[in-house]
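Structure record follows, encoded as structure tokens.
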Amino acid sequence: SDAITVGQLAQLLHKNSSEIIKFLFMMGNMSTINTVLSDEDIELICMNFNVEVHKEVVVDEDDIEEQLQNVEEDESKLVSRPPVVTIMGHVDHGKTTLLDTIRKANVTEGEFGGITQHIGAYQVSLKGRKVTFLDTPGHEAFTAMRARGAEVTDIVIIVVAADDGVMPQTKEAVDHAKAAGVPIVVAVNKIDKPGANPDRIMSEMSELGIMPEEWGGDTIFTQVSAKKGTGVPELLETMLLVADMQELKANPDTNASGTVIEAKLDKGRGPVATLLVQRGTLQTGDSVVVGTSYGRVRKMTNDRGMEIKHAEPSCPVEIIGLNEVPRAGDVFMSYDSYKKAAEIAGHRLDKQIEKERNSSSAMSLEDLAKKI
Ligand code: GTP
Ligand code: MG
């Protein structure tokens, strides 16, 4: 058969099979050296190991519809929207601590109950302006989003622990930001620690092409202690300045669309998805389609666990009401009619089934080798 196995792909990429098996495991798939890979898996693996696959563009009527909706934008309806800031960096360098500190300082007492709740997406008010933050605990979801072409972030804050230095996931974060073409702000963290050496971080980041302003480059480095809060106001100030230069806008006055940040199956509530609204306004009762899943938004909750009735551009919300769990990075669209939503989802499901039926002959090893 033409199907590509883990072992064959490993050879092609000059990797050890165990690295691919480990990656698939982290993505939630058990595999062996003989497991046949789907095209999507191949894409994700190549993305993960920074190998580009040049794939033909598949024309799909739904996608065309989505794209049309995206370009036919009435300029006069565009209004400012909050920036979406993704916090990235190596394990344990302090991403979540930084976000907690930002939230504690900028969420008012009464609203503070939801802090332990983890949805990975938060909105805070800074100087009367809203800012949306995305935490990236693991990089798998982010890698998956990139593989599906989901662009959600306007700015990346890369956290680097000053007592540890630039590590593999720091480098990955730089690659992600560069690939997305978004500005980077570097937060040199843990400066309260005895072994902290911010100069070393600046020179190691420069080696990756991220040169500090004070050395003649164009990236702002701020020194912070996420734990103590030192330097955090300056970091946020910088981040707002970078956001201002982008003049971020969206049309809130149309059907909502955006991206799934994360999703899971909840025993009591069924499929639960955290969505980032990027365009339009999502309202309770709206009919939405996400990949092959669809449903009516039964309930929307914000990052503080409070029920809300509508969500404007850049707002992260948790929704229930979908018929199945969507994937992180999937695009969602809302439609005026439930019937239409069900039809589109059904149509996609049919096509997916058909594709899976033909998938063993979809891409040969030679084809793939040519494309890499
Ligand atoms: P992952 O989500 O696992 O990738 O880690 P993370 O980047 O979110 O790191 P996290 O915020 O969980 O912090 C890891 C450890 O570093 C925790 O024990 C924090 O208390 C500690 N830490 C974070 N920031 C600072 C800091 O500024 N100073 C000191 N001394 N410790 C810090
Ligand atoms: Mg974390």
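Tell me, what is the FRET efficiency for LYS77 and GLN246 to the nearest 0.05, using R0 = 30 angstrom and their Cβ-Cβ distance as r? Spell out each step's value before the answer.
On the way: r = 19 Å, r/R0 = 0.62.
Once the sixth-power term is evaluated, E becomes 0.95.
Work out the FRET efficiency for ASP175 and LYS22 from their Cβ-Cβ distance, taking R0 = 22 Å, and round it to the nearest 0.05.
Working: r = 19 Å, r/R0 = 0.87.
The pair ASP175/LYS22 has a calculated efficiency of 0.70.
What does the highest-first list of 93-103, 192-202 look like by mean Cβ count within 10 Å? Display every interim value, and only then the final one.
On the way: 93-103: 21.6, 192-202: 15.5.
Those peptides, ordered most packed to least, come out 93-103, 192-202.
Once you put a point 7 Å from the Cα of ASP336 and another 7 Å from the Cα of ARG129, both along the Cβ direction, what distance in nm separates them?
Inter-label distance under the simple model: 3.6 nm.
Please give the peptides 208-220, 151-163, 232-244, 249-261 ranked by average Cβ packing (other Cβ atoms within 10 Å per residue), highest first, as a rough proxy for protection. Kindly include the intermediate steps, with their values, before the conclusion.
Numbers: 208-220: 14.4, 151-163: 23.5, 232-244: 17.8, 249-261: 20.5.
Peptide ranking by packing, descending: 151-163, 249-261, 232-244, 208-220.
What's the lysine pair count for segment 183-325 at a Cα cut-off below 18 Å, pairs eight or more apart or interchain? Let's see the in-between values first.
On the way: LYS190/LYS227; LYS190/LYS228; LYS193/LYS227; LYS193/LYS228; LYS264/LYS299; LYS267/LYS299; LYS299/LYS309.
Final tally of qualifying lysine pairs is 7.
If each residue of separation counts as 0.36 nm, what is the full-extension length gain between ASP253 and LYS267 once their alpha-carbon separation is subtracted? Don't skip to the end; give the middle numbers.
Values: separation 14, 0.36 × 14 = 5.04 nm, distance 3.47 nm.
Full-extension gain reported as 1.6 nm.
What are the trypsin sites (Lys or Arg not before Pro) within segment 302-372 that DSSP puts in a loop, where the Cβ has at most 14 other Cβ atoms within 10 Å?
LYS309
Can you compute the label reach from THR230? Point 7 Å from Cα along the Cβ direction, backbone N cut-off under 15 Å, restricted to segment 185-202.
So the set is 188-199.
From the P(r) of segment 139-283, could you give the percentage of C-alpha pairs in the tail past 22 Å? Display every interim value, and only then the final one.
Numbers: 5295 of 10440 pairs.
Here the long-distance tail beyond 22 Å is 51 percent of all Cα pairs in segment 139-283.
For segment 272-372, what's the relative contact order in percent, using C-alpha pairs closer than 8 Å and at least 6 residues apart?
Numbers: 171 pairs, mean separation 31.9, N = 101.
Relative contact order of segment 272-372: 32 percent.
For the residue pair GLU324 and ARG357, what label-to-label distance in nm results when each label sits 7 Å from Cα along the Cα-to-beta-carbon direction?
For the pair GLU324/ARG357, the computed spacing is 1.6 nm.
Laboratory data are not the source of any read-out in this text; all were calculated from the coordinates shown. Since this is a predicted model, take the numbers as computed values, not measurements. Cβ sites come from the backbone with ideal geometry, for glycine too, and all protein chains shown count toward neighbours.
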